[in-house]
Each structure stands twice: as C-alpha cells, then as structure tokens.
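**Q** Attaching a single structure in structure tokens format; questions to follow.
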Amino acid sequence: MKRNLLNKWIITLMAIVLATSCNRKFDVPPANADPEIDATLSIMELKNRYSAIGDFQRIEDEHIVSGIVIADDRSGNFYKQIIIQDETGGIPVLLDANNVYTQYPVGRRVYILLKGMMLGDYGGTIQIGIDSSRSGDGRFLNLEGIPQTLFDQYIVKGSFNNTVTPKIVKPADFTKTINDPLLSTLVQINNVEFRDADISKTYADPTTNISAVNFTLTTCEKQSMILRTSSYARFAAFNVPDGNGGPTGIPSIFNGTMQLTIRDTTDVAFTGTRCNGQVPVPVLKTIADLKAYATGYSSVPAGVSIKGVVVSSTKNEAAGNYRLQDASGGIQLRFTTGANPNAVPGDSLTVNVGGLALSTFNGGLQVNNVAAVVKSGTGIITPRPATIADIIANNREWESTLVSINNISITASTSGSTGSNYILSDATGQLATFVRNTADIIMPAAAISITGYVSVFQSASAALRSKHRSHSANKMI
C-alpha cells in the first residue's frame with residue numbers, strides 16, 4: 001500500500017525546483033531546428049495578390065510562405081486561428097480546431113504550403129483558409145478553416161521560441177486599406193488609456209450575451225483606436241486597467257474600422273499616470289485571490305499586487321524562483337533575469353503581478369516573469385502541523401505553504417548530478433523528496449520532525465521542500 005502511495009504522490013523536499021525552473025515547451029524537436037524548406041513568397045507578396053474586399057481566390061501554384069506565430073488561441077481571444085508574421089507582414093491562418101496553440105504556439109515558425117488553399121478576407125482583413133461558403137442570407141462570403149485532419153498537409157512545423165518585436169506605432173499610422181502592411185502584425189501603441197467612463201467595466205461580457213465588446217483607447221494627443229475583446233476570452237471578466245500605458249496587440253480592419261486585439265492581459269501594461277494626472281490605484285490582493293484567476297493558462301488583471309513572506313531557500317531553488325506565503329495561501333514566483341530580489345526565508349515582499357501570466361508546469365502553479373518587487377520588512381509564517389496523508393489530501397490548497405510533519409523517518413533513495421532523492425515516511429504514508437546539491441541541507445538518518453513547503457509535481461502530486469538544514473530534533477528544514 002505504501003509503495004503505491006509513493007508512486008502516485010511525489011512530495012519533495014525542495015526538489016521540485018528543477019521541474020519548475022523552466023517553461024513548458026510543446027513537441028520540441030531534439031535540436032529545435034527548422035526543416036529544410038525555403039519560402040517562395042513573402043507574406044506581403046501573397047497579400048498583394050488580393051486586390052479588393054470579397055476577391056476570394058483559390059491558390060493554384062506551388063508556393064510556400066513562412067512566418068512566426070505571433071498570436072494563438074490559448075487565451076480564447078483568437079478563435080480557431082493563428083496569426084503568422086515574417087519580415088514583410090502578417091496574416092491569419094484559419095484552422096478548424098480548438099486548442100491549436102498546443103501545436104502552433106506563439107514563437108513557433110511554421111511553413112504554409114499554399115497550393116489548394118484560398119485567400120479571402122473578413123471585413124477587409126486578408127486571411128488564408130481552405131474554402132469558402134455563403135452566409136445564411138447569401139449576402140457574405142466566408143472563409144473556412146483547414147480541417148484538423150489536413151493540418152500536416154498544409155502546415156509544416158518549425159522551430160520554437162522565436163521572437164517578434166512589436167513595432168511602435170500610432171493610431172494615425174494605419175491607412176485603413178486592405179493592403180496596409182501593419183495589419184495582422186505585432187504592434188505596440190504607447191501612451192493610451194481607457195476612457196474615464198469605461199475604467200469600471202470588464203474587458204468583455206463573461207455571460208457571453210454579447211459575443212465581443214469594443215472599447216475606445218485614447219492617447220493624450222486625442223488619437224483613438226478600438227480595442228476589441230471576445231466574451232469567450234478567459235480574461236473577459238477582468239476589469240480594464242485605470243492607468244496609462246502601451247498595449248501590444250494585433251491590428252485588423254473591419255468594414256473600415258481599425259481595431260486592436262490583445263492576446264491576453266499580459267499585453268496590457270497600463271500602470272502609468274493618466275493624461276489628466278490621475279495616478280492608478282494599485283489593488284492589493286491575497287494570494288488566494290490571485291490563485292482564483294488561474295484557469296489553465298491565464299493572466300492576472302492589471303494593477304494587482306500581493307504581499308507575503310518568503311518560505312523557500314534560494315540555495316535549494318533555481319535562481320529567481322521563490323515561494324511566497326500569506327495568511328490565505330502560497331504561490332511560486334519566477335523572477336525575470338536581473339529582477340531577482342535576493343530574498344531569504346522570512347523576508348516580506350510586495351510584488352506587482354498585474355498583467356503577468358499564471359501557468360502550470362508539471363502540475364505546479366506559478367506566476368511568470370515577475371519584475372517589480374519591494375522588500376517590505378520581515379515576517380513569520382508558522383508551519384501547519386500535518387501528516388503525510390494530510391498533505392496528499394490537501395496538496396492543491398496547501399501548495400507553496402509551510403507544513404511540519406512529526407514522527408518521521410528519512411531514507412536515502414538515489415543521487416544524481418543535480419541532487420539527491422529521499423523518502424519521507426510517517427504512520428500515514430510515504431513521500432519522495434529531493435535536495436539540490438547547491439543546498440546547505442544535511443538529511444539525517446533519523447529525525448523527530450521535518451518542516452518545508454508543499455510543492456505540486458505532475459497532475460496529482462504534491463511536494464514538500466525544506467527551507468533550512470535538517471536536524472534530528474524539532475528544527476525547521
């Protein structure tokens with residue numbers, strides 16, 4: 001019975017840091033290399049074949065375009081499509097499937113084999129699809145997406161983690177023509193804000209009574225542009241920010257109206273002072289409130305901060321990874337390069353998490369790319385007394401929080417180049433634990449108690465990770 005329990009639940013003493021120290025990748029080839037395929041047309045050369053709205057046309061010649069995915073359907077704000085961009089321009093590729101980001105995530109290079117496909121448009125934005133059909137009333141011609149069974153026939157997958165830098169533009173830069181080279185590319189519009197009347201509203205209608213919602217973004221120079229958000233987006237219920245900033249997004253045109261679509265709220269960093277001098281009010285949330293935003297891959301509303309006490313040891317974590325706990329719960333933070341606060345257990349941190357991504361890696365919840373943090377003193381977190389069975393039963397609720405287990409035994413398991421594995425046992429069960437070689441932790445042959453924080457590993461696992469050196473008495477580890 002105990003062996004089965006150990007196999008199902010993996011609780012580690014600071015070991016999970018290895019699993020959480022890098023971002024998830026999808027289907028990465030061993031060398032992350034592009035195939036030996038050359039594009040024969042640029043994206044703008046392809047789009048220049050399209051002369052007028054409604055000029056749907058079948059592509060009969062053997063041509064290939066290549067681009068990097070700059071938007072996918074991960075957040076739900078883009079539906080059954082990816083947007084790709086090369087050095088000349090961008091174009092949506094319609095795909096008749098859900099969760100296409102698992103194959104074609106942002107940053108992946110793809111090659112589109114054009115023969116047999118169709119060029120069309122939606123309200124003036126040129127797209128690539130597979131066929132066309134009339135609307136129910138016969139008035140409009142609609143482009144249809146590539147069926148999932150035909151993805152590999154028309155799309156060749158390339159390398160991951162390619163970057164596209166957004167072009168800084170102004171609303172006046174858009175020509176509002178079908179061949180505007182800025183359409184369907186990654187752009188950033190600086191110094192804009194939501195209107196005063198809108199800052200108490202949500203991005204869209206989470207009840208989906210209205211399929212999408214438009215807001216007017218205005219610059220301090222009184223230029224404006226529409227921000228359009230799907231009510232099916234995972235962040236539809238988030239309030240729009242009350243500050244000023246530079247949103248990143250994908251511009252399109254619909255019946256003569258320019259509109260910007262963000263990929264998720266990480267594209268909206270509105271933390272600056274508004275044009276009228278009003279300073280945005282930061283919102284301090286509990287860690288439990290923060291975790292409530294997590295629905296798969298999701299993001300945190302702008303302006304949100306959390307405050308808690310560090311409960312992890314930097315020597316037993318990858319550089320820039322911390323566990324923060326308050327009275328409501330705990331969370332893992334992954335700081336960007338150069339933003340490491342060099343905090344130690346007991347340091348109190350106030351962290352700006354607004355607009356950042358919440359994601360899971362090997363089952364553990366984390367906030368990515370944290371950069372804004374202030375050391376705000378020190379604090380004390382009292383470990384929760386628990387048995388191993390308690391930890392297993394409450395691993396989601398107790399993740400990244402301190403617990404203390406009494407009457408345990410510790411058995412060495414295996415060692416590797418990065419650390420050592422151990423097995424913790426008490427009267428209720430067993431858990432695996434891992435200690436990095438960089439940690440100053442000596443695991444004793446016998447101990448009265450052990451203290452560490454819970455870390456979830458894989459879909460149904462928990463992990464306990466220690467803070468300090470292990471002792472054979474009631475000491476924190």
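**Q** Tell me which of these Asn239 doesn't satisfy, since it passes every other one: (1) more than 30 Å from Arg436 (Cβ to Cβ); (2) free of Cβ contacts under 8 Å to residues at least 40 places away in the same chain; (3) among the polar types (S, T, N, Q).
**A** (2)
**Q** Go through the residues of segment 357-374 one by one and say whether even a single one is polar (S, T, N, Q) and over 20 Å from the mean Cα position of the chain (by Cα).
**A** Scanning segment 357-374 turns up no residue that is polar (S, T, N, Q) and over 20 Å from the mean Cα position of the chain (by Cα).
**Q** Within segment 154-171, does at least one residue satisfy the condition of being modelled with pLDDT of 95 or more, touching a Lys or Arg at 6+ places or on another chain (Cβ under 9 Å), of a type outside the set (A, V, I, L, M, F, W, C) and farther than 27 Å from Asp38 by Cβ?
**A** The answer is no; no qualifying residue exists.
**Q** Just to check your reading of the model, which residue among Asp121, Asp131, Asp180 is in contact (Cβ under 8 Å) with a residue 60 or more places away in the chain, outside the structural domain of Gly246 (by TED's automatic domain parsing), of a type in the set (Asp, Glu) and under 22 Å from Ser51 (Cα atoms)?
**A** Asp121
**Q** Do you know which of the residues in segment 38-55 that are assigned to a loop (DSSP other than H, G, I, E, B) and β-branched (Val, Ile, Thr) is nearest to Ser184 (Cα to Cα)?
**A** Ile53
**Q** Then there is this: Regarding segment 81-99, can at least one residue be identified that is touching a residue at least 24 places away in the same chain (Cβ under 8 Å), outside any strand (DSSP E or B) and either touching a His at 6+ places or on another chain (Cβ under 7 Å) or of a type in the set (Val, Ile, Thr) (or both)?
**A** Looking through segment 81-99, at least one residue is touching a residue at least 24 places away in the same chain (Cβ under 8 Å), outside any strand (DSSP E or B) and either touching a His at 6+ places or on another chain (Cβ under 7 Å) or of a type in the set (Val, Ile, Thr) (or both).
**Q** Moving to a separate point now. Does Ala319 satisfy the condition of being outside the structural domain of Phe434 (by TED's automatic domain parsing), surrounded by 20 or more Cβ atoms within 10 Å (Cβ to Cβ) and either more than 21 Å from the chain's Cα centre (by Cα) or in a loop (DSSP other than H, G, I, E, B) (or both)?
**A** Judged against the criteria, Ala319 is not a match.
To keep it simple, each residue is scored yes or no on (1) free of Cβ contacts under 8 Å to residues at least 60 places away in the same chain; (2) under 18 Å from the mean Cα position of the chain (by Cα); (3) within 29 Å of Asn190 (Cα to Cα).
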residue: Pro280; (1), (2), (3): yes, no, yes
residue: Leu290; (1), (2), (3): no, yes, yes
residue: Val304; (1), (2), (3): yes, yes, yes
residue: Ser313; (1), (2), (3): no, no, no
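**Q** Among the candidates Ser404, Ser409, Ser417, single out the residue that is without any contact (Cβ under 8 Å) to a residue 40 or more places away in the chain, within 24 Å of Asn321 (Cα to Cα) and over 30 Å from the mean Cα position of the chain (by Cα).
**A** The conditions single out Ser417.
**Q** Right, here's the next one. Modelled with pLDDT of 95 or more, of a type in the set (Val, Ile, Thr) and within 27 Å of Thr295 (Cα to Cα): does that describe Thr202?
**A** no
**Q** Inspect all residues belonging to segment 74-95 and state whether any of them is modelled with pLDDT under 95, touching a helix residue (DSSP H, G or I) at 6+ places or on another chain (Cβ under 7 Å) and not assigned by TED's automatic domain parsing to the domain that holds Asp180.
**A** Yes: one or more hits.
**Q** Hey, can you tell me all the residues within segment 333-353 that are among the hydroxyl-bearing types (Ser, Thr, Tyr) and in a strand (DSSP E or B)?
**A** Ser348, Thr350
**Q** Does segment 344-358 contain at least one residue that is in contact with a helix residue (DSSP H, G or I) (Cβ under 9 Å, 6 or more places away or on another chain) and polar (S, T, N, Q)?
**A** Checked against the condition, which is being in contact with a helix residue (DSSP H, G or I) (Cβ under 9 Å, 6 or more places away or on another chain) and polar (S, T, N, Q), segment 344-358 yields no hits at all.
**Q** If Lys115 meets every condition in (1) at pLDDT 95 or above; (2) within 20 Å of the chain's Cα centre (by Cα); (3) not small (Gly, Ala, Ser) apart from one, which number is that one?
**A** Of the numbered conditions (1) at pLDDT 95 or above; (2) within 20 Å of the chain's Cα centre (by Cα); (3) not small (Gly, Ala, Ser), the odd one out for Lys115 is (2).
**Q** Determine, yes or no, whether Gly116 is outside the structural domain of Ser299 (by TED's automatic domain parsing) and under 21 Å from Thr248 (Cα atoms).
**A** For Gly116, the condition - outside the structural domain of Ser299 (by TED's automatic domain parsing) and under 21 Å from Thr248 (Cα atoms) - is not met.
**Q** Which residue is surrounded by the fewest Cβ atoms within 10 Å (Cβ to Cβ), if the candidates are limited to segment 393-429 and must be of a type in the set (A, V, I, L, M) and either in a strand (DSSP E or B) or at pLDDT below 90 (or both)?
**A** That would be Ala412.
**Q** Look at segment 279-311 and say how many of its residues are modelled with pLDDT under 90 and on the phi < 0 side of the Ramachandran plot.
**A** Result for segment 279-311: 16.
The values are calculated or read from the model by the stated rules, or taken from the named source; none is laboratory data. Since this is a predicted model, take the numbers as computed values, not measurements. Ideal geometry is used to build each Cβ from the backbone, glycine not excepted, and the neighbour counts take in all protein chains shown.
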